[in-house]
Structure formats: C-alpha cells, structure tokens
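Structure first, commentary second.
The values are calculated or read from the model by the stated rules, or taken from the named source; none is laboratory data. Since the model is a prediction, treat every value here as computed from it, not as a measurement. Every residue, glycine among them, receives a Cβ derived from its backbone with ideal geometry; neighbour counts consider all protein chains shown. The area values use the complete protein model at the heavy-atom level, side chains included, leaving out ligands, DNA and RNA. Shrake-Rupley method; radii C 1.70, N 1.55, O 1.52, S 1.80 Å.
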Amino acid sequence: MVVGKGGVGTSTVTAAYARAAASVGRSVLVVDVEGRGSLDGLLGGGPFGYEPVDVPPASGAPEGPEPATIRACVVTADEALTEYLRARGLHRIARRLLDGGLGDVIGRGVPGIGDLLVLGKIRQLENAGAADLIVVDAPSSGHAVSFLRAAGGLGDAVRFGPIAEQAAAVADLLADPARCQVVLVTLAEDTPVTEAAEVAYVLEDEVGVALGPIVVNACETIRDDDRSPPAGATTDAAVDEDLAAAIRAATAFDLGRRRREATQLVRLGNLLPLPRLLLHRRPGVVLGPDDVVALADDLCVGVRELDGPTPAAADAGGVP
Amino acid sequence: MTGPGPLGALLGRCDVVICVGTGGVGKTSTAAALGVAAAEAGRRVVVVTIDPARRLADAIGTGRLSNSPSPIPGPWPGTLDAVALDATAAFDDLVRRRARDAAQAERILTNRFYRAIASGIGGTQEYMAVELLAELHSSGRWDLVVVDTPPSANALDAFDAPDRLRRFLDHRVYRALTASGSGIGRVVGRTAHGVVRAAGRVAGGEVVDDAIAFFTAFDGMEDEFRRRAREVTELLRAQTTGFVLVTAPRADTVAEARRVVDALAGRRLRIDVIAANRMTPRFTGRAAGSLEGDDPGLRTLARLTARREAEEALLVGLAERAVDTPVVALPLLDRDVTDVDTLAELGRLAVAAPSIADGHAGPVA
C-alpha cells in the first residue's frame with residue numbers, strides 16, 4: 001500500500017515500485033483505487049479498467065535478466081460494490097441501486113463500506129494469486145488513513161453478516177506484515193515531514209499495519225555527487241552583469257532548498273526512525289515511463305544500501 | 001508597486017472568497033495569505049481554515065480547533081481573525097440548535113449512524129465549511145470571509161456539499177422512512193421497502209436499524225436543513241462571492257484543475273482566478289536553451305530556468321482551457337510558510353501577480 005498526502009507523488013512511487021519489483025523478477029499487479037488515470041502516463045499502456053491488463057515493458061530498460069510482467073487495474077468503490085452485489089445474487093438490483101444513487105446512500109449510511117469493498121477486492125486478488133506483489137496506489141489527501149481504517153471501524157460497528165466477514169478478512173490482511181506493508185511517501189519539506197510522522201503513528205497504533213521503508217520523493221541531493229556548486233561559484237568571466245546576478249540568485253535559491261532539504265531529512269529521521277529510500281527529483285514536470293524507470297533504479301540502489309554492510313551507506317543523503 | 005493583479009481585484013470586489021483545490025497545493029497558506037493581504041488593505045477579514053498544518057496554525061493562532069474566531073494581531077490597518085473549523089462540533093451544534101428539544105438532540109447525537117456521518121465522512125466537512133461561512137458572512141462583523149476548503153481529492157466537493165445534503169434529505173429511501181411520521185410500528189413496516197432490504201443484505205440489519213433510528217430522530221428537522229442548504233447555495237452563487245482554484249505546477253494537480261474548469265462550465269458557478277502556487281522562481285528573462293556552458297552556476301541557472309519553463313507550459317495549457325479565467329503564478333518562497341511575516345509576503349505577491357495570459361508570468365526574482 002503506497003500511502004501519502006496529496007502532492008507527494010504516491011502514483012509515481014507506486015509505478016516505480018512496480019518497475020523495481022519486476023526488474024528483480026517478481027510479477028506485479030498495480031491497483032489504482034481512484035480511477036483518475038494518474039498511473040496511465042507513468043506506466044504507459046493505459047487507460048486501465050477493472051480487469052487487469054498487461055503494462056508494456058519499459059523501453060531502454062537497463063541490461064540484465066528479463067523483467068517480470070506488470071499488470072494494472074482500477075478498483076473503485078462503485079465497481080467493487082457492483083461485483084459484491086452480483087456475487088450475492090443481487091445482480092438485477094445492482095444496476096438499479098447504482099443508477100438510483102443508492103451507492104451514495106449506502107456509502108453514507110455505512111461509512112467506509114466503499115473502502116472496505118475495495119480492500120476486500122484487493123484481498124481477493126491476493127488470495128487468487130494475481131501476482132507475486134500487489135502494489136496499491138492508496139487514495140491521496142487525508143483519505144488514506146480512513147481508507148485503511150475502514151476494516152477495523154466497520155468490524156466494530158457491524159458484528160454479523162457479510163460485511164463483518166469481509167471486514168475480518170481485510171483486517172487479517174492488514175495486520176500480517178508478511179502479506180501487507182505500507183510504504184509511506186513524503187517530501188523533504190516541513191509540512192509533509194510532520195504529516196508523514198503523524199500518519200505513521202496512526203497507521204501503526206490504530207490500524208495496526210506494518211510500515212515498510214519510508215520513501216522521500218523528489219530529493220535534490222541523495223549522494224555527494226548530486227551536490228550543487230556553492231553560491232557564486234561562477235568562474236566564467238565572459239558572462240555579463242545581468243547574467244551574473246541571475247546566476248547568484250539561482251545558486252542561492254538552489255543552495256537554500258538543499259539546506260532545507262538536509263534539515264528536513266534530519267528532522268524526519270528524528271521523528272520517524274524508519275529505514276528510508278530517497279528518490280531524485282526528476283528534471284521534468286510531467287513524468288513518463290522513462291522517469292519511472294530511473295526512479296525504480298533509485299529504489300533498487302536504495303534497497304541494496306539498506307541491505308548493505310556499512311552503516312554509512314544507510315545514511316547516504318543525510319546531512320552534508 | 002504595480003497595480004493589483006486578478007487576485008487583488010477579486011479581494012477588492014468580493015465579501016466572500018473561497019479557495020478550492022486538491023490537497024498538497026498550499027491551499028491553506030494561500031487562503032491565509034489572501035486574508036493578511038486584505039487586512040493590509042484595510043478590510044475587516046476572517047479566515048476559515050480547515051486542518052491547517054500545525055506550524056501554520058500556531059502562526060495564525062488557530063492551534064486549537066474552535067468554531068469561534070480569534071483575532072490575529074498585526075501591523076495592518078484592517079483587522080484579521082482566524083478560525084479553524086471543527087466540523088464534528090459544528091454539526092453537533094447545528095443539531096442542538098435545530099432540534100425541537102434536548103431529548104431529540106440527544107437521540108440524534110448519540111446515534112451511531114449520525115456519529116459516523118458527523119465525524120467527517122461523506123462531505124460533512126465541506127458542508128460545515130460553507131455553513132460556517134454563511135454564518136460568519138451574515139453576522140456583519142466582517143467585510144470579507146476567506147475560506148479554505150477541506151483537502152478533498154475532488155475540488156468540486158465544496159460546491160456540491162449543500163446540494164448533496166439536500167439530495168440526501170430528498171432521497172426516496174429517506175422519504176420512505178420518514179413519510180408518515182415516526183413510530184416504531186411504522187418503521188418496522190417500512191423495512192419491507194425493497195431498497196432497504198437490499199441495503200440490509202449488503203450491510204447487515206444492524207446498520208439499517210441504526211439508519212432508521214437516525215432518520216426517525218431527525219424527523220421534523222429536515223425542512224430547516226433544506227432551507228439553509230438553499231440559502232447557502234445562493235450565497236455561493238452571489239456575484240460578491242469569489243472562487244480561487246489553487247493549483248501547483250504538477251501534472252496531476254493541473255489535470256485536476258482542468259477537470260474542475262471543464263465541470264464548472266456546465267454549472268451556475270465559476271472559478272474567478274486560478275492561482276498556481278509554488279512555482280519555481282524566474283531568475284532571468286533568457287530562455288533555458290540559451291544558457292549553455294560548463295560553468296556550474298550557469299548550469300544551475302539553466303536547470304531552474306528549464307523547470308520554470310516546463311511549469312509555465314503546463315499553466316499555459318490550463319489558461320487556454322479556462323478562457324475567461326485568469327491564471328496567476330505564485331513563487332515558491334525560499335522558506336516554509338509558517339509565520340505571519342511570510343504569509344504577508346506571499347499575500348503581497350499574490351495580489352500583485354499578473355495573469356500569465358498577459359504575456360509574462362510574474363517578475364524576475
């Protein structure tokens with residue numbers, strides 16, 4: 001489950017995780033629970049639907065063993081509800097329920113039922129062996145916690161009947177670290193770091209789901225060779241005064257950002273003692289499959305460093 | 001100082017400004033910055049924030065959730081108050097105010113179905129934000145109410161909240177359950193209703209029992225809720241209510257902004273200004289492509305300029321789509337927006353920012 005507040009890049013990290021896992025030979029099913037199409041451009045091959053389809057292989061992937069397949073699908077609450085109703089002999093009424101806006105009323109009447117049905121569908125995919133690894137792009141905004149809380153909340157509120165069974169099965173999945181982990185995504189900025197720490201404690205204490213490494217997305221500096229030159233390092237005498245001033249302003253801005261990033265990474269480490277994986281900020285604004293391949297490479301390098309023998313390696317990207 | 005840009009003009013002509021947008025774009029700080037800017041222009045302003053990040057909340061004195069505004073002192077000719085919405089408490093208050101008597105209020109407030117609705121699921125926060133806005137607006141204590149909306153995945157939720165509540169109250173299930181007054185015998189009879197039966201099969205009978213108990217307890221209050229929802233809708237549509245869509249220069253948020261612009265075309269609501277927050281500053285008038293060389297400083301300038309150009313390209317696409325809606329660019333500051341001084345700086349930049357369709361996207365830093 002890839003979880004993060006809006007704007008931190010959970011879809012990008014979801015896609016990168018899928019590519020990284022496939023590159024080491026694990027078949028992957030990517031599940032989008034919002035159906036906004038945010039994964040289409042990142043993975044290529046969309047738009048995706050309820051039935052999983054193959055994602056085309058990455059072009060220009062690094063040499064090495066043939067990557068495993070990646071498939072992707074969209075599981076929204078409405079579709080999960082339709083399938084759920086059909087499976088319970090309510091096929092005929094399913095369409096009427098949804099057309100009449102009753103999905104909305106059931107959703108309101110039984111808060112969290114949509115989330116629970118989506119999680120139930122994911123559990124069913126896991127149970128059916130749909131892939132070696134299922135990577136879920138969890139809802140963004142503040143919704144991720146209530147999404148994962150749905151099973152526990154409904155399990156408490158509804159003690160009998162089909163929903164109670166569904167809630168219990170999902171709760172088992174979330175509570176088993178061998179089956180399910182949350183990958184928190186954040187940015188090395190003040191508010192995202194604070195929120196990631198808050199969400200982490202809520203997920204561990206209230207949802208009881210295990211946390212994997214935390215992913216810090218869009219970092220300017222990961223390793224020493226990423227560092228920018230010091231402000232005012234211009235040596236080229238040929239530049240005019242306007243350009244020299246622009247260079248000073250730009251390098252000062254860049255340096256300021258990197259300093260704040262380093263400060264926030266230290267803060268994150270203090271607030272949240274989890275292993276972490278740092279991803280480079282990509283140069284473009286609209287990211288595509290090539291960016292995802294590069295980020296998957298960052299993930300693989302990061303994972304190797306986490307597994308590596310030297311404590312220094314695990315601290316790469318820390319304070320200069 | 002240059003004349004006001006689209007945001008400055010909007011602050012001048014509106015008595016309500018509502019900031020909408022997806023999470024993570026700096027919507028709360030934009031709303032607070034607009035509030036500070038209006039106070040600097042001499043107006044009496046109240047800012048309604050929702051779930052502000054802690055350090056920002058501390059800065060504007062809304063560290064504690066409370067539905068009554070508290071003043072923020074500052075060196076401005078106007079006044080500035082802030083309130084951080086506690087939607088659950090606000091909804092409880094509303095029920096208490098509108099209930100016939102304390103016993104009816106108590107029956108509703110302790111109902112599990114009600115608690116689930118009131119704890120923020122399914123648009124309650126959005127509805128309570130507009131409800132509080134209407135209350136503050138009609139109090140006459142302020143010239144301008146600036147509202148931050150909840151970090152919804154769908155920027156349109158805030159617009160739809162009053163209508164959704166009305167639709168909910170008008171829904172045939174609700175009507176079937178409450179049509180002929182209350183009374184446990186009738187309620188039991190009504191559970192034969194096909195739709196209710198289906199809901200029971202999906203969710204279990206217990207849930208339906210809770211829902212019926214809620215609707216029964218609610219009986220008689222829905223007219224008042226309906227009337228209020230209509231009033232709030234009218235306020236949202238008033239000429240003096242302005243909407244600012246806050247976005248950020250990222251593909252996903254711009255795509256969402258584009259969806260909002262398209263969706264609004266078919267409604268009687270409009271976005272007045274699109275504010276693109278956290279733009280990479282522009283350091284030079286030159287194009288990134290002309291900044292060639294091995295000099296490390298020049299390479300940094302070229303990289304940031306290329307990023308700015310890509311961000312502007314995203315926004316130009318959005319501006320072309322939103323024909324009559326100006327798009328303004330607010331720069332990423334060199335520090336986090338966690339104090340009033342920084343809010344004031346962001347506010348000044350916001351009111352002066354020109355529309356990017358006017359040929360340039362803000363001054364060179």
Any hit, segment A:118-126, residues being within 12 Å of another protein chain (Cβ to nearest Cβ) and either at pLDDT below 80 or more than 28 Å from B:GLN125 (Cβ to Cβ) (or both): no
Any pair with Cβ under 6 angstrom, 6 or more apart, that starts in segment A:186-202 at a residue that is over 20 Å from A:SER146 (Cα atoms) and touching a residue at least 40 places away in the same chain (Cβ under 8 Å) and ends at one that is of a type in the set (A, V, I, L, M, F, W, C) and open to solvent by 20 Å² or more (accessible area, probe 1.4 Å): A:LEU187/A:ALA218
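For segment B:126-155: of the residues being part of a loop (DSSP other than H, G, I, E, B), at pLDDT 65 or above and within 13 Å of chain A (Cβ to nearest Cβ), which is farthest from B:GLN239 (Cα to Cα)? Don't jump to the end; show me each part of the working.
Looking only at segment B:126-155, we keep the residues that are part of a loop (DSSP other than H, G, I, E, B), and these are B:140-143, B:149-155.
Then drop every residue that is not at pLDDT 65 or above, which leaves B:140-143, B:149-151.
Keeping just the survivors that are within 13 Å of chain A (Cβ to nearest Cβ) gives B:149-151.
Values: B:THR149: 19, B:PRO150: 23, B:PRO151: 25 Å.
Among them, the one singled out is B:PRO151.
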Residues of segment B:283-293 that turn out to be surrounded by fewer than 23 Cβ atoms within 10 Å (Cβ to Cβ) and either within 17 Å of B:ASP334 (Cβ to Cβ) or within 7 Å of another protein chain (Cβ to nearest Cβ) (or both), as a count: 2
Residue among B:ARG299, B:ARG237, B:ARG303 that is without any contact (Cβ under 8 Å) to a residue 60 or more places away in the chain and in contact with a Lys or Arg (Cβ under 6 Å, 6 or more places away or on another chain): B:ARG237
In segment B:64-103, the residues that are assigned to a helix (DSSP H, G or I), among the basic types (Lys, Arg) and touching a strand residue (DSSP E or B) at 6+ places or on another chain (Cβ under 8 Å): none
Enumeration of residues in segment B:39-65 that are at pLDDT 85 or above and among the acidic types (Asp, Glu): B:GLU40
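Select from segment B:294-327 the residues that are among the small types (Gly, Ala, Ser) and within 36 Å of the chain's Cα centre (by Cα) and write down the one among them that is least open to solvent (accessible area, probe 1.4 Å). Break it down stepwise before answering.
Filtering segment B:294-327 down to residues among the small types (Gly, Ala, Ser) leaves B:297, B:302, B:306, B:310, B:313, B:317, B:319, B:322.
With the extra rule that they be within 36 Å of the chain's Cα centre (by Cα), the set shrinks to B:306, B:310, B:313, B:317, B:319, B:322.
Details: B:ALA306: 46, B:ALA310: 37, B:ALA313: 67, B:GLY317: 23, B:ALA319: 22, B:ALA322: 3 Å².
Once the filter is applied, the top-ranked residue is B:ALA322.
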Residue tally, condition at pLDDT below 90 and assigned to a loop (DSSP other than H, G, I, E, B), over segment B:336-365: 11
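Test A:THR191 against the stated conditions and say whether it is in a helix (DSSP H, G or I), at pLDDT below 90, buried (at least 16 other Cβ atoms within 10 Å of the Cβ) and touching an Asp or Glu at 6+ places or on another chain (Cβ under 8 Å). Write out each step before concluding.
Values: in a helix (DSSP H, G or I): yes; at pLDDT below 90: yes; buried (at least 16 other Cβ atoms within 10 Å of the Cβ): yes; touching an Asp or Glu at 6+ places or on another chain (Cβ under 8 Å): yes.
Against the criterion (in a helix (DSSP H, G or I), at pLDDT below 90, buried (at least 16 other Cβ atoms within 10 Å of the Cβ) and touching an Asp or Glu at 6+ places or on another chain (Cβ under 8 Å)), A:THR191 qualifies.
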Counted residues, segment A:239-257 - those being more than 8 Å from chain B (Cβ to nearest Cβ) and either under 15 Å from B:GLY285 (Cα atoms) or touching a residue at least 40 places away in the same chain (Cβ under 8 Å) (or both): 4
Lone unmet requirement of (1) modelled with pLDDT under 85; (2) part of a helix (DSSP H, G or I) for B:ARG267: (2)
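Quick check on A:ARG88: is it under 24 Å from A:GLN166 (Cβ atoms) and in contact with a helix residue (DSSP H, G or I) (Cβ under 8 Å, 6 or more places away or on another chain)?
Yes: the conditions hold for A:ARG88.
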Scope segment A:9-19; condition open to solvent by 10 Å² or more (accessible area, probe 1.4 Å) and in contact with a helix residue (DSSP H, G or I) (Cβ under 8 Å, 6 or more places away or on another chain); matching residues: A:SER11, A:THR12, A:TYR17, A:ARG19
Residue list for segment B:13-40, filter: more than 13 Å from chain A (Cβ to nearest Cβ), over 20 Å from B:ALA134 (Cα atoms), aliphatic (A, V, I, L, M) and out of contact with any Phe, Trp or Tyr (no Cβ under 8 Å at 6 or more places or on another chain): B:ALA33, B:ALA37
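Select, from B:VAL20, B:VAL25, B:VAL36, the only residue that is modelled with pLDDT of 90 or more and more than 30 Å from B:ASN111 (Cβ to Cβ).
Values: B:VAL20 fails: modelled with pLDDT of 90 or more; B:VAL25 fails: modelled with pLDDT of 90 or more.
The conditions single out B:VAL36.
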Residue list for segment B:241-261, filter: open to solvent by 40 Å² or more (accessible area, probe 1.4 Å), touching a Lys or Arg at 6+ places or on another chain (Cβ under 8 Å) and either in a loop (DSSP other than H, G, I, E, B) or away from chain A (no Cβ under 14 Å) (or both): none
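Could you tell me which of the residues B:ARG201, B:ARG278, B:ARG237 is within 14 Å of another protein chain (Cβ to nearest Cβ) and modelled with pLDDT of 85 or more?
Numbers: B:ARG201 fails: modelled with pLDDT of 85 or more; B:ARG237 fails: within 14 Å of another protein chain (Cβ to nearest Cβ).
It is B:ARG278.
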Segment A:269-301, subset over 17 Å from A:VAL30 (Cβ atoms), touching a strand residue (DSSP E or B) at 6+ places or on another chain (Cβ under 7 Å) and among the aliphatic types (A, V, I, L, M), residue most open to solvent (accessible area, probe 1.4 Å): A:LEU274
